[in-house]
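Quick note: the coordinates plus some simple rules give every number you see, no bench work behind them. Quick caveat, the model's predicted, so the values are computed rather than measured. As a convention, Cβ positions derive from the backbone with ideal geometry for all residues, glycine included, and neighbour counts pool all protein chains shown.
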Amino acid sequence: MNMIDRDILADKLDFTYKKQDDVGEVRQLLAVIGNYWYLFAGGVLVSLLIGFLFIQYTPKQWNVTGKIIIEDEKNSPSKLLSNGVNSDLSALFDIKSNSYNEVRVLESRNLLRRVITEMNINVHLYDKSGLMKKELFDNAPFNIVLSNNEVTRSNNYNIVVLDNQHYQLTDADSDLDIKGTFGSPTKLPDYSINLEKTAYFHPNGNYKITVKSIKKAENELAARFVASLSDKQSTVIGVQLSYGNAKRGELILQKFMELYLQNNLSNKVRMADSTIKFIDSRLAVVSAELGKVEKNLEKYKVNNKISDINAQAKALVQGASDYQQKLNETEVQLAVVNDLYRYVSSGKNSQVVPSSLITKDMSFGSAINAYNEMLLRREQLKLNLQESSSIIKNLDQQIETARNMLLTSLKSYKHSLNISQSAIVRQNAAIGNKIADAPVKERVYLDYSRQQSLKQDLYLFLLQKREETAISQKATISNCRILDNAESDEDPFAPKKSFIYTIASLFGLFIPAAGLGIRQVTNNRISKKDDIEKHTTVAVLGQISKNNHKQKMLVYNEARTVISEEIRALRTNLKYITDGGKSNVIMFTSSMSGEGKSFISLNLGNSIALSGKKVVLLELDLRKPKLLKYLGTQASYGFTDYVITPDKDCIDDLIHPSTFNENFYFISSGTIPPNPAEILMSSRLKELIEELRVKFDYVIIDTAPVGQVSDALVIEEFADVTCYVMRQNYTYKSQLNIVNDLQKYRKVKQLYLIVNDIELSTNNITGYGYGYGNYNYAEIDEGNKFLSFMKKLKPTVK
């Protein structure tokens with residue numbers, strides 16, 4: 001607070017205004033909490049109770065986790081088997097898995113849908129007998145079986161168990177009300193429902209069945225499911241499911257991982273099936289051709305009575321055998337190439353192309369493998385994406401490009417085989433010319449033999465490849481396996497108790513603090529030291545705590561209360577601003593009635609009297625006099641009577657001794673007049689005060705509130721000091737303008753403020769601290785230990 005001549009008064013008066021430091025601010029904060037501790041304690045307790053109820057009645061959520069590892073394909077059984085059979089063939093089954101692609105596969109809606117339909121995840125049973133519904137699973141009183149799992153519309157049914165055999169099924173949305181029998185299907189609009197009793201069945205109960213559409217259940221499950229790589233450097237994929245029932249969540253996630261392994265294995269087996277199917281079709285054709293050639297040969301030998309080839313023919317044929325063998329191999333490869341060309345060029349086959357049938361051109365086999373990998377990748381992407389997806393379309397373009405390149409390679413390879421075949425034929429023709437002279441029958445026989453040998457070699461080649469494929473198929477296993485089975489956490493992750501209790505506690509502290517802050521902001525009355533400092537520069541002469549006693553006189557010889565000490569401090573302060581060599585007139589006024597000027601003037605007068613000074617209290621509040629009431633006495637003759645009866649000049653008849661102290665006297669206001677202002681303007685008031693100055697050391701005048709009437713301004717000319725009383729949480733801040741006006745225009749002499757009715761437990765808040773060291777006030781609220789503790793926190797004024 002800004003005060004007049006603060007530095008001078010600080011040396012003379014028994015108080016000063018302590019500048020707040022960091023410690024003082026902490027003490028003030030503690031004082032606020034201490035004063036309104038019940039609000040903060042109550043707010044925290046209520047908030048914690050709300051948090052407790054929220055935790056109790058909020059459905060709990062568990063985290064269920066599992067791990068899947070993608071094995072190194074180099075160590076897979078089919079890869080090891082292929083090392084002894086055919087390394088190219090094994091590539092059909094051990095497709096290199098991209099871990100990131102596998103994560104996408106795990107998140108595919110197809111897998112989620114399979115889990116939902118196979119485990120009826122879209123069907124939930126709740127117990128409604130408690131305050132909140134509770135989901136039942138392993139302890140369900142009955143199992144729910146639907147006739148159709150492909151539910152397209154969500155429904156809610158209420159089930160009331162009537163007895164051991166019957167139940168009542170209702171649906172408020174559709175006005176459905178059916179009496180059903182346990183163990184028998186009940187026909188509903190979209191499907192039939194069958195409730196099969198379990199060991200937990202009880203003949204009474206109230207339940208709710210929620211049947212969600214597959215689409216809705218799929219979306220909810222997808223939102224709860226997460227798959228991610230545990231480490232970028234590893235091929236371990238962690239899967240996590242958040243679910244409201246720990247046991248059911250474990251079963252769902254375990255089923256999900258098992259279906260993923262089945263799907264992974266089926267993709268590899270399907271590739272082998274495609275190869276076997278192709279080889280079987282070719283075996284059927286070649287077998288028929290071989291049988292036809294053998295029958296023709298047999299018929300020719302019978303018709304021409306040929307049983308064996310003579311030595312001369314054998315010798316001649318032996319020379320051509322090497323070339324014939326080469327020709328046979330070339331024609332076999334050419335036949336395979338022609339078949340593959342027709343198979344690929346048809347454009348209708350999306351199955352893999354067996355590269356292992358091409359034995360001599362390894363680079364050509366690599367082109368086929370690249371084409372196959374694109375087809376398999378497309379099959380994997382179809383698990384998550386639609387045919388219309390841009391990714392699928394882009395891949396289809398790549399497949400078409402690869403197919404065209406493969407056809408081009410086939411043509412090139414076929415051309416090279418034709419060239420080889422032509423060369424062998426020319427060489428073979430040369431030998432043929434040498435045997436031209438051989439018998440015609442022998443030559444025809446040799447032609448049939450060549451055809452038989454060709455078809456037989458092709459048949460044996462295909463049969464061998466089919467056997468290798470079948471063996472590799474049986475050895476094929478998934479390159480994925482479950483590393484950790486599905487397991488839920490021991491405690492639910494939601495609701496988070498510590499977080500909720502922390503937020504509840506903070507909220508419980510915030511609400512009272514916010515309320516007090518709003519109250520302070522909207523408060524238009526004087527409540528703290530800053531309210532005075534910001535609005536006036538008039539010095540505060542003293543401060544009086546709240547009077548919690550019924551009696552008005554609190555100052556006597558042995559009084560040791562807070563108020564009595566504050567009155568003594570006020571008395572000391574008056575000593576420094578008054579002239580000790582003459583009688584002093586001290587006027588008390590205020591802004592409005594009820595601020596305590598009569599109470600303070602009474603106790604201050606008695607306190608001065610206790611110091612040995614003669615004091616008279618002159619009550620000039622002619623409108624609402626309270627002095628006689630405070631003194632508990634009667635006086636028939638007062639100031640008004642003195643003014644209106646000029647025939648009585650004896651002032652001694654006005655002065656009455658008090659019962660508190662022999663040096664303390666009073667003059668009552670007398671009869672309440674109809675014209676108080678005119679009474680105060682009487683010349684007899686001047687005579688009275690001059691006489692009182694002679695008889696007494698101090699004349700204390702209690703006047704009417706200057707903020708309401710001008711009586712005090714009439715009396716001001718006789719006063720040496722004017723004490724303006726303000727009351728905490730009562731006097732309006734705007735009324736400080738009255739004080740400023742009195743000071744600015746010097747309407748009164750030596751104007752000082754006295755702050756009254758300060759809350760003892762809030763002195764630290766308001767900044768009205770007073771200092772008496774560690775002086776022991778034995779009578780200060782000894783019964784309230786908490787307030788005694790809080791008073792120790794008050795910053796002292798030195």
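Values for this structure:
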quantity: Where labels lie 7 Å past Cα in the beta-carbon direction, separation of ASP579 and SER611 in nm; calculated: 1.8 nm
quantity: Order by protection proxy (mean Cβ within 10 Å, highest first), peptides 128-139, 724-735; calculated: 724-735, 128-139
quantity: Contour minus Cα-Cα distance for ASP231 and ASP396 (0.36 nm per residue); calculated: 56.2 nm
quantity: Å³ per residue enclosed by the Cα convex hull of the stretch 566-613; calculated: 80 Å³
quantity: Net length gained if the chain between TYR556 and SER389 were fully extended (0.36 nm per residue, minus Cα distance); calculated: 50.2 nm
quantity: Loop-located chymotrypsin sites (Phe, Trp or Tyr not before Pro) in the stretch 507-586 whose Cβ has at most 16 other Cβ within 10 Å (DSSP); calculated: TYR556
quantity: Gain in span if fully extended, SER147 to ARG113, counting 0.36 nm per residue against the direct Cα distance; calculated: 10.5 nm
quantity: Inter-probe distance in nm under a simple model that places probes 7 Å from Cα toward Cβ, at ASP489 and ASN675; calculated: 8.9 nm
quantity: Near-label residues of the stretch 108-135 by backbone N, under 15 Å of a point 7 Å along Cα→Cβ of LEU176; calculated: 123-125
quantity: Inter-probe distance in nm under a simple model that places probes 7 Å from Cα toward Cβ, at ALA429 and ILE33; calculated: 11.2 nm
quantity: Among 248-259, 372-383, 400-411, the order from most to least packed when residues are scored by Cβ within 10 Å on average; calculated: 248-259, 372-383, 400-411
quantity: Dipole axis of the stretch 642-756 (+1 Lys, Arg; -1 Asp, Glu on Cβ), positive-most option in ILE700, LEU680, SER734; calculated: SER734
quantity: Three semi-axes of the equivalent ellipsoid, the stretch 62-265, Cα gyration tensor, whole Å, largest first; calculated: 43, 17, 15
